[in-house]
Amino acid sequence: MPRAGDRLLSPGALLGLRDRRFRRRRDLRVRGERAALAFVNSVGCCSTFYRFPEGLACLWEAVVGRPNPRWPRRSHHDWGIGLTWELKDTLPTRRQVYYGKLLKGRPVLVALDLFPAFYALVRGRQRARDYRVEYEAGRLSLTARRIMDSFTREHPQYTREIRGNCFMLEPGKTREFERAMAELQQGLWVVKSEERYEPTFSYRWELLEAWLPEPVALGRRLRRSAAAEQLVARYLAGAVFSTPALLARLFALSHAEISLAVDRLARAGALVPDCAVGGWPGRWLVHAAALRSR
């Protein structure tokens, strides 16, 4: 197992490496669709615009090539926001990445080779038809169950079709419908498969296992412990450093699951635990490649 030794690690060096891997430098910024896909595949998972305090790659930061950009007054005329918006629509529509509200209720883009790990952690061995089991166990709302009933009869569907089939076209039902759709997204039951702009703006929705059948099948066969290990390894390869508490909070995993994954990755030499970083409180997990590049 690699060891950090008693030397303090430089926070500037770790942050600089994270900036490179997150493309938060003008010379590395994402300029188009091909670069955006390579970026998502490199970091495994990234937000679109939201900056996670736990430290997650952000597509908007990668597009503008700097950390923590300010939201402009006239966002509709801002090139960085425009390109980020275009990319977060184009990549999922072409089934090159997964897009949905997967972490802390926030939308993220996920590389397709990492998506089975998320599926295994959220749904385990379940199929779409198991939504009734979840409802009967009290883990799915009545409105979400009614929407899934509609999807079992017909899919894909546009938003208005879903609302009509579930008798929820009244404006007063909008918030209830949106909460249920967010619930189904976060539970990996349905996925937004298209954003239609003509003749009117609308989303098209599909059952996840119909839209991404192979990644879902891989996720159903993946053990939960192996999925957690894959997720932590891929995250640290991009983010460079973290702590068990931050990982547990970001991915909504138990501290026991994070500890097991960290122990296995440390034994394999993929990360170094218990590192001291100058000026930072506590002890840190650091990706092993970061120590080799010092």
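Taking amide H as placed 1.01 Å from N in the peptide plane, the amide H of Leu271 sits under 5 Å from that of Ala266, Ala288, each at least 5 places away or on another chain. When the chain is described by a simple charge dipole with +1 on each Lys and Arg Cβ and -1 on each Asp and Glu Cβ, the residue from Gly124, Tyr99, Ala233 located farthest towards its positive end is Ala233.
With both bridge residues required to lie in the chain, what share of the DSSP beta bridges run antiparallel, to the nearest 5%? Bridges in the chain that DSSP calls antiparallel: roughly 90 percent.
Loop-located chymotrypsin sites (Phe, Trp or Tyr not before Pro) in region 108-172 (DSSP state other than H, G, I, E, B) with a sparse environment of at most 12 neighbouring Cβ atoms within 10 Å: Phe167. Treating r as the C-beta distance of Ala182 and Ala217 and R0 as 25 Å, the FRET efficiency rounds to 0.50. Shown for the chain are no DSSP H helices, since none reaches 30 Å along its axis, judged by Cα atoms, with a mean Kyte-Doolittle hydropathy of at least 0.0.
Given R0 = 35 Å, the distance between the Cβ atoms of Ser202 and Val133 translates into a calculated FRET efficiency of 0.70. Of the accessible area of region 70-229, with the probe set at 1.4 angstrom, what percent is carbon plus sulfur? Within region 70-229, the accessible surface is 48 percent carbon and sulfur.
Bridge orientation summary for region 137-294: considering DSSP beta bridges with both residues in this region, about 100 percent are antiparallel. Cut-off 10 angstrom, C-alpha nodes, Gaussian network model of the chain. Which of Met168, Met148, Met181 fluctuates the most? Highest fluctuation of the listed residues: Met168. Here the Gaussian network model covers the chain, with springs between Cα atoms less than 10 Å apart; of Glu178, Glu195, Glu170, Glu170 fluctuates the most. Annotation: per residue accessible area for the chain equals 50 Å², rounded to a whole number [probe 1.4 Å, protein chains only]. Basic side chains Lys and Arg get +1 at the Cβ, acidic Asp and Glu get -1 at the Cβ, and with that the dipole of the chain about its Cα centre reaches some 700 debye. Going by accessible surface with a 1.4 Å probe and the largest first, Val277, Val133 read Val133, Val277. Across the chain, C-alpha contacts under 8 Å between residues 6 or more apart give a mean separation that, scaled by the residue count, equals a relative contact order of 23 percent.
Just checking the listed ones, Leu208, Leu121, Leu15: in the Gaussian network model of the chain with Cα springs under 10 Å, the one fluctuating most is Leu15. Sorted largest first, the spans of the alpha carbon positions of the chain along the three principal axes are 64, 46, 31 Å. Let me have the 222 nm mean residue ellipticity of the chain computed from DSSP H runs of 4+ only, each contributing -39500 (n - 2.57), with the sum over all residues rounded to the nearest 500. Using -39500 (n - 2.57) per qualifying helix, the result is -14000 deg cm²/dmol.
The values are calculated or read from the model by the stated rules, or taken from the named source; none is laboratory data. Since this is a predicted model, take the numbers as computed values, not measurements. Cβ coordinates were reconstructed from backbone atoms using ideal geometry, including for glycine residues, and neighbour counts include every protein chain displayed. Remember, those area values only see protein heavy atoms, side chains included, never the ligands or the DNA or RNA. Shrake-Rupley method; radii C 1.70, N 1.55, O 1.52, S 1.80 Å.
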